[in-house]
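The numbers here are math on the coordinates, done by the rules we state, and not lab data. This one's a predicted model, so the numbers in the text were calculated from it and none came from an experiment. Neighbour counts are summed over all protein chains in view; Cβ atoms, including those assigned to glycine, are modelled from backbone coordinates with ideal geometry.
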Amino acid sequence: MPMTLTAVQNATAGSPATATFRVLPKMTKHEIKEYLTKIYDLPVKKVNTMNYAGKRKRAIGRRKIVYYKYRDFKKAIVTFDSSLKDVGRGVKMDDSTEEER
């Protein structure tokens, strides 16, 4: 799980397009920016990160209590350049390409 897209917000008149990713805790802001620009060719302007500790749980059975913990993760909020207006979650096919087939 290097990066998982969790939320997307398209650009408006007052704010640029943003996307929220769940990344590994050891990834830095520079690595996240480099990953998105080199692999996906996205114009990244700024990266903000937040560290989260995994939630601790307790399961009570008949004979004993079992403790476990979810994985730690980091949330990265990426702000894109003003040249990027629409950050879609998929590819929209035009009607003209379907008719040619």
Exercise. Among the residues of region 11-59, which ones are hydroxyl-bearing (Ser, Thr, Tyr) and without any contact (Cβ under 8 Å) to a residue 40 or more places away in the chain?
Worked result: 12, 15, 28, 35, 37, 40, 49, 52
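The rows are residues; the columns are (1) touching a Phe, Trp or Tyr at 6+ places or on another chain (Cβ under 8 Å); (2) surrounded by fewer than 13 Cβ atoms within 10 Å (Cβ to Cβ).
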residue: 4; (1), (2): yes, yes
residue: 25; (1), (2): yes, no
residue: 30; (1), (2): no, yes
residue: 44; (1), (2): yes, no
residue: 59; (1), (2): yes, yes
residue: 65; (1), (2): no, yes
residue: 78; (1), (2): yes, no
